[in-house]
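Asks: Handing you a structure now.
The values are calculated or read from the model by the stated rules, or taken from the named source; none is laboratory data. None of these values were measured; they are calculated from a predicted model. Glycine gets a Cβ as well: all are built from the backbone with ideal geometry, and neighbour counts include every protein chain shown.
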Amino acid sequence: MADQTFLIAAAATGNDPDDWSLVSTLLSGVSGGVSIRTLEWQFEPFVSYAKLANGQTRGLGLPVARWTFKGLRPEQRENIRDFCSAPSASVYIRTPTNETAAGVRTYKDYSAIMSWMERSELSYDGIEYIEMTEIVFTNLVEVVA
Amino acid sequence: MTANTPIRAATSGDLVNLRSNNQAALFGLAINKPASVYTARVNQIFATSDSIIEIEYDGASGTLANVLAGMTLYIGSAAGARDRGVVRIRKTPTVTKLYIGAASIQISDNDYLTVVNEFALWGRDAVTQGGIVKMDSDILFASRTGAAIIRAAPMVAVIKRVAGVATFTPPSPALSACYDGTTISSWAYSAPGAASTSNMTSGTGTASWTYSAAGQYRWSLSVTDSASRVTTTHRWVIVDNTSPNFAISQDPEGNFSDGSWSFGVTMYDNATTADIVDRALVTLYTEHEYFAGVEATLGKLAGYENIVCTGFIDGESVVRDSQNSTVTFTIYGASYWLDKIRAAAFGLESKATTPTKWTQIEDMTPDKALAQILSWASTAPLIMDCFFTGDTTPINIIAQPSGSLLSQLNSAAGNTIFANVVTNNLGQMYIQTDPQIMTSAQRAALVTVQTITTADYEGQLEITRLTSPSNSMIELECNTYDGNKVRPIYSRAPGNTGLAYGEYDAPSNYAAVDQAECNRLAGCLLAIRNPLYDTFEVVLSQNRLVDIAPAQYCEISIAAGDTPRGITLTNQKIIPRSVKYQMEGGYYKTVVEFEPASSPVDGIAYFPPKPVNTNVGSFEIGESGFGDFPSPIIDFPIALTDPVVTPANCKTSTDIVNAPGNSFTLTWDKQQLLGTGATAADRTATAWFPCSIRKTGCVYGTSVYIAGYFQGVSSSNIHVYGVKDGAQIITATCAVGLYGISATFAPASATVVDGFQILLDAGTGFAPGAVLSSGTVQANNASGVAIAVTSGLTYAIDGSGGPWKPGVAFTQTMYNFSINGTGNIGRDGIVGVFVLVTPNDCEASEQITTLYGRVYFIAAAASVIFRVQDSDFADNSGSLGYILREATGTALIANISGSNANNVCAA
């Protein structure tokens, strides 16, 4: 089972999680920075659902993960932005899923397409942080070591 | 090698994938960007811009050998430009001259010529000069180049390198074929740009080659036929394609009625006219596809599993926006483009011997005609797979007015054998007989791609039940052609009494090998017009196994308890009529419109009525009964009163001898007799017609003429009698002619009968087959020519050519011949009649034209002698030809379409 840590890496880094970056590290070392605890996540196992003729449901599309940083200092934003300088980029991530095992949250490693927010970013004069930065990871394909 | 058959049944593993969660797909777009292979400047001042077919050039750069027939030539006012025009290289150039498909364009001296590595779908024009027809501007019939139909592979493969190497293995070309009597001898691949190759020629194993660099690569397959002609076709492999940014603006969809696939894409950049040329070949493919969240492929042809749709761009919508300009292209498959290719009127006729001009095909069948049309009127076989019907129905004539090539193909195939042009999503063309028209054996051979269960489709299944027929009756007219004679045959479905509701319909001029086939087709047409259920839509998951071509089935079942109406469909075969890949966010659904397969019941033989002709000397067949429809089925009551026969008073011997001629219509109680009938009664037809048969010596002798279609029937196996009180009291002498049987009575005295009977012998007769050889014998050759045959096999010999003259004193021309010294077959010019004296060694004989006859025989030795029929050969002049054919035993069939009793007196 993958460690319960958020990881991220550019696609060029390769699919070995040992080479990926700890998100907590990307957010550390910043004076007055927000901590990892302010990172909220969502995991959607499917893009949508189809009701089949036999009454069962088929989940359509690949999983989607969302990371929402409630507040990022500019340096922290820069560290995250490094993985997605364009509107989207191919990355690897480790993210929690909805599943637990013996009460313990299950994290999984995926290749994904990372999409930066399409909406405008919220920031405030005099207070150098960006509010509610939402990163969407689509097309999650599990990376099996 | 993998067979080039893009169809297979879903495996259990496929079904697991198709029913899995987390299905997804990411798409790529491969746009062929033709590279320059040769450049030059025009070195010619053109006096006219009309119909230019060659261009003199100089200042060339590149390798001339790289310029191939079918490539595209840009003609422009600047280097690489195409503002003057875009034309086709039509044959191998010389060091000073490029040969192009005829074009009326303005070309100036020193214009720039750029040959690019592109093979488009073009029309090829035929021209007539001095009465001589030339294909593609200058190809004479005698010098025609190869015309094998090569089934090499789909148009485009998109592959990726693994560890720096991409390996491509083409499917087997074994489905390639020739349609002009030749066969394929060998083949050879070429793959310019390949890093390595193996087994590139036939007989050496599975061909394959590798690429070590990304790029767009052409590969070619050259086929050599048994006449040493070489035909080449070209395909593409795109390695590690760099897909542009695009969005799918129109879901890929293939529609049976259009016969083609199409899709649309919107692009935002990298879409200049230099980046994407007009009519560029575009392929939509899956970069990645997932089932159960795991990357996998699920395709119908190895090497092409990832191809979603292939076609050529036509039409573009450019949006100029201050911030976000876009262009939207629509990509269409081959059928769409064939409909844009002009095609001149043409006519093709079947010929029993080797053709001597473009309009002739030896023993023409639908496929031979299609091969001729596609090969010489287009470049389709040069760039794509073209599969044909497999139908071997003999056809006498196919003629089409000018129009588009697609309309001609669909008319030529559709109006004869109910076939049409359909292209699959891989860009392979199928001219195929509709599954609803296929025989039960053909239907049984169709692949059932998937049994669709409730675990496969979304939501509800809406089925419209059709309770009222739209067609009450089909009266189908087909032509049957045995290599010499065309006869109309008719069938009605469901029978002479139509269904309770619906219109009559009378399709005509289709082709059928015999009455049974005509009956079957009529039944199929009625079933098609009156389906029990309308087409219905099924939404499946990511499924590219199902397609509109080649012909295929899926299967579905509905239990009685599933619907309040209690509808039951058990293993119902359903035919995909349209397939759409409905794009969603990150995945797609396959939406298929299915048509339930029908369960046709054969129609019955129908014989168009003839007007009642009195006192006429002859009786012609061939008129359709449509104008009388449906009067023949209400010819009731039949003969409740005695027919009125005139002259009524020829009772004395003198009266009878001098009685005037007359003719009366006979009505038979059966209109079809089959040699397979179990009893004589089954094979006997009776016409009630009380009258007196005139005695021998009358000015007008009594005869019965029976018009119709007779298969395998000769004068020896059909009999006509006069009957009285149920007994056959007088026998006629039968002569089987071109259009019917003439039965002549010659009693010693006038004979009163109640009517007439026709008795067909049990068993089989003969039918001619393919031509084996032909030749000529001089009329003065008493020994004749020996024709090699195989003892024990059945053959037919037709008379042909000629005429000859029997001695200098005779001016009459003769066409008759004998076999092994006996018999007299053909027209005897001296007597002025057609004679059919079956030779001793032969089983049967028949008339095939007004001049020529045919004999059937089972060879008892290694050769037979063919010679003119005469007893004194020395002074003969001229010659007579023969055609040796295969022959087969065939069920005796007598279809009676009309009949007259001629020259009778009142009883």
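Asks: Which members of segment A:100-117 meet the condition of being farther than 15 Å from A:Phe83 by Cβ and either more than 14 Å from chain B (Cβ to nearest Cβ) or of a type outside the set (D, E, K, R) (or both)?
Replies: A:Thr100, A:Ala101, A:Ala102, A:Gly103, A:Val104, A:Arg105, A:Thr106, A:Tyr107
Each row is one residue, and each column tells you yes or no for (1) of a type in the set (S, T, N, Q); (2) within 13 Å of chain B (Cβ to nearest Cβ).
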{"residue": "A:Leu39", "(1), (2)": "no, no"}
{"residue": "A:Gln42", "(1), (2)": "yes, no"}
{"residue": "A:Ala50", "(1), (2)": "no, yes"}
{"residue": "A:Arg81", "(1), (2)": "no, no"}
{"residue": "A:Ser88", "(1), (2)": "yes, yes"}
{"residue": "A:Thr95", "(1), (2)": "yes, no"}
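Asks: Another question, then. Given the residues B:Ile865, B:Ile893, B:Ile883, which is the only one that is within 28 Å of B:Ala680 (Cα to Cα) and of a type in the set (A, V, I, L, M)?
Replies: B:Ile893
Asks: Which condition number in (1) β-branched (Val, Ile, Thr); (2) more than 17 Å from B:Ile604 (Cα to Cα); (3) at pLDDT 80 or above is the one that B:Thr676 fails?
Replies: (2)
Asks: Looking at (1) over 30 Å from B:Thr448 (Cα atoms); (2) of a type in the set (Asp, Glu); (3) in contact (Cβ under 8 Å) with a residue 40 or more places away in the chain, find the lone condition where B:Glu316 falls short.
Replies: (3)
Asks: Could I ask something else about it? Counting only residues that are part of a loop (DSSP other than H, G, I, E, B) and under 23 Å from A:Val91 (Cα atoms), which one in segment A:44-68 is farthest from the chain's Cα centre (by Cα)?
Replies: Applying the filter and picking the extreme gives A:Gly61.
Asks: Sticking with this structure for a sec: Pull up segment A:124-145, narrow it to residues that are more than 14 Å from chain B (Cβ to nearest Cβ) and surrounded by 15 or more Cβ atoms within 10 Å (Cβ to Cβ), then point me to the one that is farthest from B:Ala296 (Cα to Cα).
Replies: Checking each candidate, the answer is A:Tyr129.
Asks: Which of the residues belonging to segment A:52-79 are hydrophobic (A, V, I, L, M, F, W, C), touching a residue at least 12 places away in the same chain (Cβ under 8 Å) and at the interface with chain B (Cβ under 9 Å from one of its Cβ atoms)?
Replies: Within segment A:52-79, A:Leu60, A:Leu62, A:Val64 meet the criteria.
Asks: Among the residues of segment A:75-92, is there at least one that is of a type in the set (D, E, K, R), closer than 30 Å to B:Thr453 by Cβ and not in a loop (DSSP other than H, G, I, E, B)?
Replies: no
Asks: Here is a follow-up. Evaluate the following for B:Gly498: is it surrounded by fewer than 21 Cβ atoms within 10 Å (Cβ to Cβ), more than 14 Å from chain A (Cβ to nearest Cβ) and at pLDDT 90 or above?
Replies: Against the criterion (surrounded by fewer than 21 Cβ atoms within 10 Å (Cβ to Cβ), more than 14 Å from chain A (Cβ to nearest Cβ) and at pLDDT 90 or above), B:Gly498 does not qualify.
Asks: Okay, next question. Take B:Gln432 and decide whether it is farther than 21 Å from B:Asp367 by Cβ and either more than 14 Å from chain A (Cβ to nearest Cβ) or modelled with pLDDT of 95 or more (or both).
Replies: No.
Asks: Among the residues of segment B:435-457, write down those that are crowded, with 19+ Cβ neighbours inside 10 Å and within 14 Å of chain A (Cβ to nearest Cβ).
Replies: Scanning segment B:435-457 gives B:Ile452, B:Asp456, B:Tyr457.
Asks: Then there's this: Quick one: would you say B:Val230 is within 29 Å of the chain's Cα centre (by Cα) and of a type in the set (Val, Ile, Thr)?
Replies: So B:Val230 fits the description; yes.
Asks: Being without any contact (Cβ under 8 Å) to a residue 40 or more places away in the chain and either over 18 Å from B:Leu461 (Cα atoms) or surrounded by fewer than 18 Cβ atoms within 10 Å (Cβ to Cβ) (or both) is the filter here, so list the residues in segment B:572-603 that pass it.
Replies: B:Glu584, B:Gly585, listed by residue number.
Asks: Output the number of the condition that B:Ile825 fails; it satisfies all remaining conditions of (1) among the hydrophobic types (A, V, I, L, M, F, W, C); (2) touching a residue at least 60 places away in the same chain (Cβ under 8 Å); (3) crowded, with 23+ Cβ neighbours inside 10 Å.
Replies: With respect to (1) among the hydrophobic types (A, V, I, L, M, F, W, C); (2) touching a residue at least 60 places away in the same chain (Cβ under 8 Å); (3) crowded, with 23+ Cβ neighbours inside 10 Å, B:Ile825 is out only on (2).
Asks: Among the residues of segment B:278-296, which ones are among the aliphatic types (A, V, I, L, M) and either within 14 Å of chain A (Cβ to nearest Cβ) or assigned to a strand (DSSP E or B) (or both)?
Replies: Listed by number, the residues that qualify are B:Leu281, B:Val282, B:Leu284, B:Ala292, B:Val294, B:Ala296.
Asks: Restricting to segment B:458-478, and then to whatever is crowded, with 21+ Cβ neighbours inside 10 Å and aliphatic (A, V, I, L, M), can you tell me which residue is nearest to the other protein chains (Cβ to nearest Cβ)?
Replies: Among them, the one singled out is B:Ile474.
Asks: So, one more: Of the residues in segment B:850-907, how many are surrounded by 17 or more Cβ atoms within 10 Å (Cβ to Cβ), of a type in the set (D, E, K, R) and in a loop (DSSP other than H, G, I, E, B)?
Replies: Matching residues across segment B:850-907 total 1.
Asks: Answer yes or no: is there a residue in segment B:550-563 that is surrounded by fewer than 19 Cβ atoms within 10 Å (Cβ to Cβ), touching a Leu at 6+ places or on another chain (Cβ under 8 Å) and not aliphatic (A, V, I, L, M).
Replies: yes
Asks: If the requirement is being more than 14 Å from chain A (Cβ to nearest Cβ), surrounded by fewer than 22 Cβ atoms within 10 Å (Cβ to Cβ), at pLDDT 95 or above and closer than 26 Å to B:Pro381 by Cβ, which of these qualifies: B:Ser220, B:Ser228?
Replies: Of the residues listed, the single one that is more than 14 Å from chain A (Cβ to nearest Cβ), surrounded by fewer than 22 Cβ atoms within 10 Å (Cβ to Cβ), at pLDDT 95 or above and closer than 26 Å to B:Pro381 by Cβ is B:Ser220.
Asks: Among the residues of segment B:736-753 satisfying the criterion of being within 32 Å of the chain's Cα centre (by Cα) and assigned to a loop (DSSP other than H, G, I, E, B), which is nearest to B:Val720 (Cα to Cα)?
Replies: The extreme case among them is B:Gly737.
Asks: Additional query: Need at least 1 residues that are touching a residue at least 24 places away in the same chain (Cβ under 8 Å) and either aromatic (Phe, Trp, Tyr) or over 29 Å from B:Ala419 (Cα atoms) (or both) per element, so show me which strands (runs of 3 or more DSSP E) inside segment B:156-270 make the cut, counting only ones lying wholly within it.
Replies: Those strands (runs of 3 or more DSSP E) span B:156-159, B:166-168, B:184-190, B:208-211, B:215-225, B:230-239, B:246-255, B:260-267.
Asks: Restrict the check to segment B:327-338 and report whether at least one residue is outside any loop (DSSP other than H, G, I, E, B), within 18 Å of the chain's Cα centre (by Cα) and under 19 Å from B:Ala377 (Cα atoms).
Replies: Yes, because at least one residue in segment B:327-338 is outside any loop (DSSP other than H, G, I, E, B), within 18 Å of the chain's Cα centre (by Cα) and under 19 Å from B:Ala377 (Cα atoms).
Asks: Of (1) within 27 Å of the chain's Cα centre (by Cα); (2) outside any loop (DSSP other than H, G, I, E, B); (3) at pLDDT 95 or above, B:Ala551 satisfies all except one. Which?
Replies: (2)
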